[in-house]
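Structure, as structure tokens:
The values are calculated or read from the model by the stated rules, or taken from the named source; none is laboratory data. As the structure is a computational prediction, the values presented were derived from the model and not from experiment. For neighbour counting, all protein chains shown are included, and Cβ atoms are generated from backbone atoms with ideal geometry for every residue, glycine included. SASA here: full protein model, heavy atoms, side chains in, ligands and nucleic acids out. Shrake-Rupley method; radii C 1.70, N 1.55, O 1.52, S 1.80 Å.
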Amino acid sequence: LAMDLEQSESYVITAFGIVGDNNKPFNLLSSSLTQNATNDDNVTIKLMHGVTDAPAIDIYANGSLVFENISYGKYSDYINIEADNYTIDVKAYGDDNTVASFDAPLNSYGGRSGIVVASGFLTPTEQDSTFTLILAAPDGETLQLAPVKTDLSIQDDKSIIASDIYSISNYP
């Protein structure tokens, strides 16, 4: 898979999809990576939608829309939010019903940036990972957002979390 990456820039590359599946094939997607937030009171984040059996989604933080109409296999633009603790609600685009909710303790992330990766399956089979949200910071720290009870049955024992996040240079 060829990617055009500029020298001296920072990127995040996300693997998503299913190997051997023609409808949701395995793929890699790159996006620019912001190293820090705009100020010490904010967190700068973007979202990557990698949930293979989910429609386009809207994301709410404490009841306010923060990401709208993010399609599968796409990154959102960066947004700045106040460094605080949030309840994140995931809804199908344009739908009022919450699919899943997560605790997002971002009060200690002031001045930092990150990528929130939506991963897993809404309706996993025995070998699949369940739907989860993971915050990955440029320094390699990851935070799996804790699920809050919703209409979606989320089973922690099937969650798969990347154990290592690597920051690599695109220098030859």
**OP:** Would you mind telling me which numbered condition in (1) farther than 16 Å from Ile59 by Cα; (2) open to solvent by less than 50 Å² (accessible area, probe 1.4 Å); (3) not small (Gly, Ala, Ser) Asp89 fails?
**Re:** (1)
Subject >> Filtered residue count, segment 47-63, keeping only those that are among the acidic types (Asp, Glu) and open to solvent by 10 Å² or more (accessible area, probe 1.4 Å) >> reply: 1
Subject >> Pairs with Cβ under 8 Å, 6+ apart, first in segment 117-139 and of a type in the set (D, E, K, R), second surrounded by fewer than 19 Cβ atoms within 10 Å (Cβ to Cβ) >> reply: Asp128/Phe121; Asp128/Lys158; Asp139/Ser167
Original post:
With respect to the numbered conditions (1) touching a Pro at 6+ places or on another chain (Cβ under 8 Å); (2) at pLDDT below 90; (3) among the aromatic types (Phe, Trp, Tyr), which one is the sole condition not fulfilled by Phe102?
Top reply: (2)
Original post:
Within segment 16-40, how many residues are under 21 Å from Gly140 (Cβ atoms) and surrounded by 15 or more Cβ atoms within 10 Å (Cβ to Cβ)?
Top reply: 7
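Just to verify a result, which residue in segment 75-86, among those that are closer than 23 Å to Ala15 by Cβ and touching a residue at least 40 places away in the same chain (Cβ under 8 Å), is least open to solvent (accessible area, probe 1.4 Å)?
The extreme case among them is Tyr75.
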Original post:
When you scan segment 92-133, how many residues do you find that are within 12 Å of the chain's Cα centre (by Cα), open to solvent by 30 Å² or more (accessible area, probe 1.4 Å) and of a type in the set (A, V, I, L, M)?
Top reply: 1
